[in-house]
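One structure below.
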Amino acid sequence: MKSLFNLLFLICATTLSLTGCKSGHSAEGDAAAATDSVQLTAVRFNADSAFASIQTQCGFGARVPGSTAHEQCGDYIVRTFSQYGLKVTEQKAPLTTWDGKTYTCRNIIASYRPEAADRVVIAAHWDSRPWADEDPDESKRRQPVMAANDGASGVAVMLEIARQIKQLAPAVGIDFVCFDLEDYGAPEWGTPDPEGKDWCLGSAYWSKQAATSGYKARYGILLDMVGGRDARFCYEGFSKNYAEPIINRLWETAATVGAGHLFVKTDGTYITDDHISMNEIARIPTVDIIPFTTNASATMGKTWHTTQDTPENISPENLRLVGQTLLQMLSEEM
């Protein structure tokens, strides 16, 4: 992801203090206050299962487009969703990147209750960034990113929810969408697109197909870097602009399940990510769960676009809290 400091959000971003992204309430207190009026689902997100999926994805190597690891991981994702009884389809299309190369984009869509008219989209990207261009060690900046957090964590949460979806039995259809070619945006030595269109190629393609086919969904939730040890999720700017009722509901749900310290009720910044095409092209109100802090040296987490984005830097507890938040929200769909 993502061109973090583009012109739009430099203009729009709200200045935050370091204390602005901290909750004054305990997780237990948030949960206790909410359970009086909300029925909590009995389905529990298994963080160990999700973490094992991250290890499996990283075990293939960095999932850089065009690589063997990329192909093998894509096959694993398709196979796993299929084993859980979901209908899996793939979108494949040749897409040209900023450096003039053409890759076969492979978006993977797994559908629960594909016959249902009312639907919700849960999405994440599954590719790895080819360059660790934010690594503090300049000699490593042309190495690929293992992407345990920046890619694999979102996919792992989706796979675990899919494993439990029949037990949860939400009243709507669910489409789990794994976007390809999200993280191939130009590095500092490349030729970036001034509008950030060198990023998020797979989601732009999916969104165009959704708009053309008339696909509709109540809302979408994008998972991006949801397992970092230093993760804190503030209100992302585009999400708030396009889907404020959904972002408010999601953050309230997080408080209900005891994740209020992780989902902080304060404004973050504007981030170029897959949800922009989902909102602007597919017209699906979509919220991006993505970390943001005011730490100038690690705004999106210490491992972002570095060679340190590896499984040992993942927090299973944060995976659990994000996953339980989504399970709870889906359980409330009527």
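Take the conditions (1) touching a Lys or Arg at 6+ places or on another chain (Cβ under 9 Å); (2) open to solvent by 10 Å² or more (accessible area, probe 1.4 Å); K101 misses just one of them, which is (1). Taken over the range 224-233, the criterion of being surrounded by 24 or more Cβ atoms within 10 Å (Cβ to Cβ) and either in contact with a Leu (Cβ under 8 Å, 6 or more places away or on another chain) or part of a helix (DSSP H, G or I) (or both) is satisfied by V226, G227, A231, F233.
Checking the stated criteria, R119 turns out to be under 19 Å from the mean Cα position of the chain (by Cα), of a type in the set (K, R) and under 26 Å from L250 (Cα atoms). For the range 17-40, the criterion of being modelled with pLDDT of 95 or more and within 30 Å of G190 (Cα to Cα) is met by none of the residues.
Go through the range 62-87 and report how many residues are in contact with a helix residue (DSSP H, G or I) (Cβ under 8 Å, 6 or more places away or on another chain) and surrounded by 17 or more Cβ atoms within 10 Å (Cβ to Cβ). Step through it out loud before you land on a result.
So the first thing to find is which residues in the range 62-87 are in contact with a helix residue (DSSP H, G or I) (Cβ under 8 Å, 6 or more places away or on another chain), and the list is 62-64, 73, 76-77, 80-81, 84-86.
Adding the requirement that they be surrounded by 17 or more Cβ atoms within 10 Å (Cβ to Cβ) leaves 62-64, 73, 76-77, 80-81, 84, 86.
The qualifying residues number 10.
Among the residues of the range 234-250, those identified as under 20 Å from I161 (Cβ atoms) and surrounded by fewer than 22 Cβ atoms within 10 Å (Cβ to Cβ) are I246, R249. When the residues of the range 188-223 are narrowed to those that are hydrophobic (A, V, I, L, M, F, W, C) and part of a strand (DSSP E or B), which ends up farthest from S239 (Cα to Cα)? Across the range 188-223, the extreme among qualifying residues is L223. When you scan the range 269-279, do you find a residue that is touching a helix residue (DSSP H, G or I) at 6+ places or on another chain (Cβ under 6 Å), more than 22 Å from I109 (Cβ to Cβ) and outside any strand (DSSP E or B), even just one? For the range 269-279, residues touching a helix residue (DSSP H, G or I) at 6+ places or on another chain (Cβ under 6 Å), more than 22 Å from I109 (Cβ to Cβ) and outside any strand (DSSP E or B): present.
When you look at S53, is it over 20 Å from T102 (Cα atoms) and surrounded by 14 or more Cβ atoms within 10 Å (Cβ to Cβ), yes or no? Criteria met by S53.
This table checks each residue for (1) under 29 Å from A62 (Cβ atoms); (2) at pLDDT 95 or above.
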position: R232; (1), (2): yes, yes
position: A254; (1), (2): no, yes
position: S277; (1), (2): yes, yes
position: I290; (1), (2): yes, yes
position: N295; (1), (2): yes, no
position: N313; (1), (2): yes, yes
position: G323; (1), (2): yes, yes
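I'd like the full set of residues that are among the basic types (K, R) and open to solvent by 10 Å² or more (accessible area, probe 1.4 Å), limited to the range 124-162. Hits for the range 124-162 are K140, R141, R142. Exactly one residue among G190, G173 is modelled with pLDDT of 95 or more, under 27 Å from E138 (Cα atoms), surrounded by fewer than 23 Cβ atoms within 10 Å (Cβ to Cβ) and not hydroxyl-bearing (S, T, Y), and that residue is G190. Residues satisfying the criterion are absent from the range 91-110 (criterion: more than 22 Å from S277 (Cβ to Cβ), within 20 Å of the chain's Cα centre (by Cα) and not acidic (D, E)).
The values are calculated or read from the model by the stated rules, or taken from the named source; none is laboratory data. This structure is a prediction, so every number in the text was calculated from the model and none was measured. Cβ atoms come from the backbone with ideal geometry, glycine included; neighbour counts cover every protein chain shown. Just so you know, the surface numbers come from the protein's heavy atoms only, side chains and all, with ligands and any DNA or RNA stripped out. Shrake-Rupley method; radii C 1.70, N 1.55, O 1.52, S 1.80 Å.
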